[in-house]
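Data block below; observations after.
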Amino acid sequence: MNGLRSVAATTLALTLVLAAQADPRRSGATAMSPELQAWQADDTRNPAQLWVGEGQALWQRAAANGASCAGCHAPQSLAGVALRYPAFDARLGRALSLAGRIDQCRQRHQGLPAQGPDGAEVLPLNAWLAHQGRGLPIAPPADTRLAPAQARGAQIWLQRLGQLNLSCAQCHEQRAGGRLGGTLIPQAHPTAYPVYRLEWQALGSLQRRMRGCLVGVRAEPFAPDSADWVALEAYLMQRAAGMVSEGAGLRP
C-alpha cells in the first residue's frame, strides 16, 4: 500500500512539473518547498485526507429518510465531476458551485438543513469529490447559460475594491511572483480546493479563501449567499481551464 501511495505522489508531482513546462500559468504548489509538495501528494501525510475520508463515509451514509448520495450517483460518474463546476442549474435558473450543488442535494433529497460551503458535511463531501478528480484537467462546461456569471466574475476580478483600492488582477496577474509581507503572491488558480492551509490549520473552501482576500484589501465581503461568490468562482475556473487538479490540496 505504501508503494502505491509513493507512486501516486510521484505521478502527481511529475504531472504538475510537466504542466508547468508547457503552460505559463502556475499552480500555487509550484511555489511551495519540495517538502510541502511531497506532503501534499502523499495521502498519508496530507491532512486534507482526513476530510476526504469523512466525505467518503458521508457519501455512503443514509439520511433519516433513507436517501444517500451513493444511492443516486453511480461511482463512474464521480471522476472529474468537481472539475465541471460551477454549472448551470436549470431548476433554479442560475449557476451553482459544487458546494452549492451538494447543499441543494442534501436539502432536496435528504431533508437536511442548508450549511454553506464550509459546512460540517458539505466541506468533506466537496473534498471527497475533488479527490476523485485529482490529476485530471479542470474542464468548465461549455454552456452559454454560464456566460453572465463568468462575465460578472471577470468584472469583479478587475474591479478595485476596499480601502487599499486593489483589484484581484493587480495582485494575481500584475504582481504574481512578487512578495507581499514576505509571502509569495500566486497567480490564484483554483487548482487545489478545498484546500488545507497551514495558516488555518483546517480545510477550507474557495469561498473562504476569496473572503479572506477581500478582508485583506479591507473590503466588505459579499453576503454569504451572494451570487457574486459563484460568479467569481466561475470566472476563475474558466481562467484555469486545462490546468491539473490537485484537490483536496495543501497550501502554507
For the stretch 203-240, what are the residues that are in contact with a Gly (Cβ under 7 Å, 6 or more places away or on another chain) and of a type in the set (Gly, Ala, Ser)?
-> Ala219, Ala231, Ala234
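Take the residues in the stretch 145-165 that are more than 17 Å from Leu236 (Cβ to Cβ) and not charged (D, E, K, R); name whichever of them is surrounded by the fewest Cβ atoms within 10 Å (Cβ to Cβ). Talk me through it step by step, then tell me what you get.
Step one: of the stretch 145-165, the residues more than 17 Å from Leu236 (Cβ to Cβ) are 145, 160, 162-165.
Checking which are not charged (D, E, K, R) leaves us with 162-165.
On the way: Gly162: 15, Gln163: 8, Leu164: 12, Asn165: 11.
Filtering the stretch 145-165 for residues that are more than 17 Å from Leu236 (Cβ to Cβ) and not charged (D, E, K, R), the one surrounded by the fewest Cβ atoms within 10 Å (Cβ to Cβ) comes out as Gln163.
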Quick one: count up the residues across the stretch 13-50 that are open to solvent by less than 60 Å² (accessible area, probe 1.4 Å), under 17 Å from the mean Cα position of the chain (by Cα) and at pLDDT 60 or above.
-> 9
Counting only residues that are over 24 Å from Pro124 (Cα atoms) and modelled with pLDDT of 95 or more, which one in the stretch 187-216 is least open to solvent (accessible area, probe 1.4 Å)?
-> Leu214
So, of the residues in the stretch 217-234 that are touching a Ser or Thr at 6+ places or on another chain (Cβ under 9 Å) and crowded, with 18+ Cβ neighbours inside 10 Å, which turns out to be farthest from Glu121 (Cα to Cα)?
-> Ala234
Unmet criterion (only one of (1) in contact (Cβ under 8 Å) with a residue 24 or more places away in the chain; (2) surrounded by fewer than 19 Cβ atoms within 10 Å (Cβ to Cβ)) for Leu96 = (2)
May I ask you to list pairs of residues, at least six apart or on different chains, whose Cβ atoms are under 9 Å apart, with the first in the stretch 181-209 being assigned to a helix (DSSP H, G or I) and the second being surrounded by fewer than 17 Cβ atoms within 10 Å (Cβ to Cβ)?
-> Gln207/Gly116; Gln207/Pro224; Arg208/Trp200
Output yes when any residue across the stretch 73-88 is open to solvent by less than 20 Å² (accessible area, probe 1.4 Å), at pLDDT below 95, part of a loop (DSSP other than H, G, I, E, B) and over 28 Å from Pro252 (Cβ atoms), and no when none is.
-> yes
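The values are calculated or read from the model by the stated rules, or taken from the named source; none is laboratory data. Note that the structure is predicted; figures quoted are calculated from it, not measured. So basically every Cβ, Gly included, is an ideal-geometry build from the backbone, and we count neighbours across all protein chains shown. Side chains included, ligands, DNA and RNA excluded: accessible areas come from the protein's heavy atoms. Shrake-Rupley method; radii C 1.70, N 1.55, O 1.52, S 1.80 Å.
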